[in-house]
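Read through the structure below, which is laid out as structure tokens, and then see the notes.
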Amino acid sequence: MSGLQELADRLAQGVSLELADAPAIVGTPDLIAVGMLADEVRRQLHGVRTTFVRVLEVHVEAIPAALPPGANAGELRLVGPPSSATQALEAVASARKLSGGGIPLSGFSLADLAALEPSSSDLFASLAREGLEAVADLPVDGPGDTGATVTRARAAGLRVERMTVHGAAADPLATVAAAIELQRAVGGFRTFAPLPRTLSTMAPTTGYDDVKAVVLARLLTRDIPSVQVDWPLYGPKLAQVALTVGADDVDGVAAVDSGTLGARRSALAEITRNIRAAGLEPVERNGRHEVIGEPSRSGRP
């Protein structure tokens, strides 16, 4: 505990941890102790404020003609890799009509867009003109010169603010290190989602692994404001645990309720209930990170 106590003392003084401190975090089996350290950093940055966003996902190959009945989305997100630049542009144009111009529109993985055109700059500018506001995610474990691609996308008018992890890494610290390096190189990232978006059935991660990944992300990436967890991908229970060990933002809350379970079981009711049960204050935001919806119970935004 002496190593962890030293880290705790430094954190209490507002000193950021570095990659050199990682062995003390990775090496301990005491998940509760390091989770408390990560929660301390989270509270220094955000207090008990916990944001979430309701996302309506539409696949690039199946964009509906109208919003589903009862849809209440803070973000409309195009998902799936486009097969060509033309398909990407057509999908954005259709999605912009679907949104009515009022719902923030994001879409695609930066790695998928970069693979369509060698330079990407013209494609990025065309997507922005069609109405795309932001690239949905940037996988830090993706190929290529990521920093240069981010710079081109931003110069063309697209926001690139969310770093993700595509696949489970043999060493989770490697993805955290990549996020740190990218933030230092080009800056401007608001969220980092450290849990893999594709799960291997042959070598699945454990709950312990997932919680430790969130802890590492929060303790070592203080320059990235928010650590994010995906609500539908990892489920309410793990998401709630993640909020107690460093995460402060929840992505992917359903924008449409079936209505079969009643108001108390709606997506909005479930996410706010889970956040409050963790002793935190829910704050709904949209894809531009603007606060929307009802104020939290205490009346603070």
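The values are calculated or read from the model by the stated rules, or taken from the named source; none is laboratory data. The structure displayed is predicted, hence computed values, not measured ones. Cβ coordinates were reconstructed from backbone atoms using ideal geometry, including for glycine residues, and neighbour counts include every protein chain displayed.
Please state which of the following conditions HIS59 fails to meet, knowing it meets all the rest: (1) at pLDDT 95 or above; (2) crowded, with 18+ Cβ neighbours inside 10 Å; (3) not β-branched (Val, Ile, Thr).
(2)
Which one of ALA179, ALA217, ALA193, ALA242 is surrounded by 14 or more Cβ atoms within 10 Å (Cβ to Cβ), more than 30 Å from ALA148 (Cα to Cα) and out of contact with any Leu (no Cβ under 7 Å at 6 or more places or on another chain)?
Working: ALA179 fails: more than 30 Å from ALA148 (Cα to Cα); ALA217 fails: more than 30 Å from ALA148 (Cα to Cα); ALA193 fails: more than 30 Å from ALA148 (Cα to Cα).
Going through ALA179, ALA217, ALA193, ALA242 in turn, the sole match is ALA242.
Under 7 Å between Cβ atoms, which residue pairs at least 6 apart in sequence (or on different chains) link something in the range 120-145 that is at negative phi and surrounded by 22 or more Cβ atoms within 10 Å (Cβ to Cβ) with a partner that is part of a helix (DSSP H, G or I) and among the β-branched types (Val, Ile, Thr)?
Within 7 Å, the pairs are LEU127/VAL92; LEU132/VAL92; LEU138/THR146; LEU138/VAL150; VAL140/THR175.
Checking the conditions here, which among ALA111, ALA93, ALA73, ALA125 is in contact with an Asp or Glu (Cβ under 6 Å, 6 or more places away or on another chain) and among the hydrophobic types (A, V, I, L, M, F, W, C)? Walk me through how you get there before you give the answer.
Working: ALA111 fails: in contact with an Asp or Glu (Cβ under 6 Å, 6 or more places away or on another chain); ALA73 fails: in contact with an Asp or Glu (Cβ under 6 Å, 6 or more places away or on another chain); ALA125 fails: in contact with an Asp or Glu (Cβ under 6 Å, 6 or more places away or on another chain).
Answer to the check: ALA93.
In the range 146-160, what residues are within 15 Å of the chain's Cα centre (by Cα) and either crowded, with 22+ Cβ neighbours inside 10 Å or of a type in the set (Val, Ile, Thr) (or both)? Even if it seems obvious, please write down each step before you answer.
We begin by selecting, within the range 146-160, every residue within 15 Å of the chain's Cα centre (by Cα); these are 159-160.
Across the range 146-160, the qualifying residue is only VAL160.
Show the residue pairs that are 6+ apart or on different chains and have beta-carbon atoms under 7 Å apart, the first residue being within the range 28-45 and closer than 16 Å to GLY207 by Cβ, the second being exposed (fewer than 14 other Cβ atoms within 10 Å of the Cβ) and of a type outside the set (D, E, K, R).
Short answer, once both residue conditions are applied: LEU31/TYR208.
What strands (runs of 3 or more DSSP E) lie completely within the range 124-236 and have 1 or more residues being of a type in the set (Lys, Arg) and out of contact with any Phe, Trp or Tyr (no Cβ under 8 Å at 6 or more places or on another chain)?
191-198
With respect to ARG77, determine if the residue is buried (at least 20 other Cβ atoms within 10 Å of the Cβ), within 24 Å of the chain's Cα centre (by Cα) and within 30 Å of ALA114 (Cα to Cα). Don't jump to the end; show me each part of the working.
Working: buried (at least 20 other Cβ atoms within 10 Å of the Cβ): yes; within 24 Å of the chain's Cα centre (by Cα): yes; within 30 Å of ALA114 (Cα to Cα): yes.
Considered against the rule, which asks whether it is buried (at least 20 other Cβ atoms within 10 Å of the Cβ), within 24 Å of the chain's Cα centre (by Cα) and within 30 Å of ALA114 (Cα to Cα), ARG77 comes out as yes.
So which residues in the range 70-87 are in contact (Cβ under 8 Å) with a residue 24 or more places away in the chain, assigned to a loop (DSSP other than H, G, I, E, B) and out of contact with any strand residue (DSSP E or B) (no Cβ under 8 Å at 6 or more places or on another chain), if there are any at all?
Step one: filter the range 70-87 for residues in contact (Cβ under 8 Å) with a residue 24 or more places away in the chain, giving 70-79, 81-82, 84-85, 87.
The next check asks that each one be assigned to a loop (DSSP other than H, G, I, E, B); those that pass are 70-74, 81-82, 84.
Within the range 70-87, GLY70, SER84 qualify.
Scan the range 48-70 for residues that are among the β-branched types (Val, Ile, Thr) and in contact with an Asp or Glu (Cβ under 8 Å, 6 or more places away or on another chain) and jot them down. Steps first, please.
The initial filter retains those residues of the range 48-70 that are among the β-branched types (Val, Ile, Thr), namely 48, 50-51, 53, 55, 58, 60, 63.
Matches in the range 48-70: VAL48, THR50, THR51, VAL53, VAL55.
Any residue in the range 216-239 that is of a type in the set (Ser, Thr, Tyr) sitting within a Cβ distance under 7 Å of a residue that is assigned to a strand (DSSP E or B) and modelled with pLDDT of 90 or more? List the pairs, counting only those 6 or more apart or interchain.
THR221/PHE192; SER226/THR191; SER226/ASP249; TYR234/LEU195
Taking the stated definitions as given, is ASP112 among the acidic types (Asp, Glu), free of Cβ contacts under 8 Å to residues at least 12 places away in the same chain and out of contact with any strand residue (DSSP E or B) (no Cβ under 6 Å at 6 or more places or on another chain)? Before the answer, list the steps.
Values: among the acidic types (Asp, Glu): yes; free of Cβ contacts under 8 Å to residues at least 12 places away in the same chain: no; out of contact with any strand residue (DSSP E or B) (no Cβ under 6 Å at 6 or more places or on another chain): yes.
In short, no.
So which residues in the range 275-301 are of a type in the set (Lys, Arg), modelled with pLDDT of 90 or more and surrounded by fewer than 16 Cβ atoms within 10 Å (Cβ to Cβ), if there are any at all?
Looking only at the range 275-301, we keep the residues that are of a type in the set (Lys, Arg), and these are 276, 285, 288, 297, 300.
Narrowing further to those that are modelled with pLDDT of 90 or more: 276, 285, 288.
Across the range 275-301, the qualifying residues are ARG276, ARG288.
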